[in-house]
Amino acid sequence: MRRLVAVVALFLGLFSATHTAVAAAPDTFKDCDTCPEMVVIPAGSFTMGSPASEKGRYNKEGPQHRVSIPRSFALGKYEVTKAEFAAFVHETGRDAQGCLIRDDGKWKDDDSKSWRNPGYTQSDSHPVVCVNWDDAKAYARWLSRKTGKEYRLPSESEWEYAARASTTTARYWGD
């Protein structure tokens, strides 16, 4: 048996989980009916960050450095949906309130908006929005209790490794 770290995507964040898996993990899996579908990402290494010469680069994206991901992990195949988050709210009673919005070029809290009503139409299959860091961590703890697996937010390295998808360009589809 080996350990497999699983990562579940939320609209504003990601989750990881520690799983015990048999030798060859499946390409995709779900730990429960209301859990996100996961995709296995192989162990490997990559160059993290962007080159100083990249157009549109932020200073915080460097310096570039080599990072190794020593174990396979799984990433949510899709963002956590409004329906998946609703199952968490229904079972735990936790209800995320408020929303961070952009107004006149500045970010501000808007308590009149929430994941239930972000101010625009959403179906249950859309990504959940208007959740904060604490809500994301609470969702991960709930998945851990529900599945018996250890879910957590991923490291910055895990996220970038998966997002880059073995590319070296500015975006996974190219420069």
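The values are calculated or read from the model by the stated rules, or taken from the named source; none is laboratory data. These numbers come from a predicted model, not from an experiment. Positions of Cβ are generated from backbone atoms using ideal geometry, with glycine treated the same way; all protein chains shown enter the neighbour counts. Protein only, heavy atoms only, side chains kept; ligands, DNA and RNA dropped before computing areas. Shrake-Rupley method; radii C 1.70, N 1.55, O 1.52, S 1.80 Å.
Give the shape of the range 23-175 as rounded, prolate or oblate, defined through the alpha-carbon gyration tensor: a ≥ b ≥ c are the square roots of its eigenvalues, a/c under 1.5 means rounded, and otherwise the shape is prolate if a/b is larger than b/c and oblate if not.
Since a/c reaches 1.5 but b/c is at least a/b, the shape of the range 23-175 is classed as oblate.
Any idea which of V128, S112, I101 is furthest toward the positive side of the dipole for the range 90-136, if Lys and Arg beta-carbons carry +1 and Asp and Glu beta-carbons -1?
I101
How would S144, S45 line up by accessible area, probe 1.4 Å, largest first?
S45, S144
Percent of accessible area on the chain owned by carbon and sulfur, 1.4 Å probe?
Carbon with sulfur: 50 percent of the solvent-accessible area.
For K113, K137, what's the largest-to-smallest order of accessible area, 1.4 Å probe?
Highest to lowest solvent-accessible surface, that is K137, K113.
Nothing charged except the Cβ atoms of Lys and Arg (+1) and of Asp and Glu (-1): what's the magnitude of the dipole of the chain about its Cα centre? Round to the nearest 20 debye. Write out the running numbers ahead of the final one.
Numbers: 24 positive and 23 negative charges, 101 e Å.
In debye, rounded to 20, the chain gives about 480.
With +1 on the Cβ of every Lys and Arg and -1 on the Cβ of every Asp and Glu, and nothing else charged, how large is the dipole of the range 64-144 about its Cα centre, in debye rounded to the nearest 20?
440 debye
Can you tell me the length gained on complete extension of the stretch Y78 to S166, counting 0.36 nm per residue apart and subtracting the Cα distance?
Here the answer is 29.8 nm.
Counting only the heavy atoms of the protein chains, how much of F46 is accessible to a 1.4 Å probe, in Å² to the nearest 10?
F46 has an accessible surface of roughly 20 Å² with all protein chains in place.
Not counting ligands, DNA or RNA, and with a 1.4 Å probe, what is W115's accessible surface area in Å² rounded to the nearest 10?
Approximately 10 Å² of W115 is accessible to the 1.4 Å probe.
Can you tell which of G148, G76, G119 shows the greatest fluctuation in a Gaussian network model of the chain with Cα springs below 10 Å?
In this elastic network of the chain, the residue with the biggest mean-square fluctuation among G148, G76, G119 is G119.
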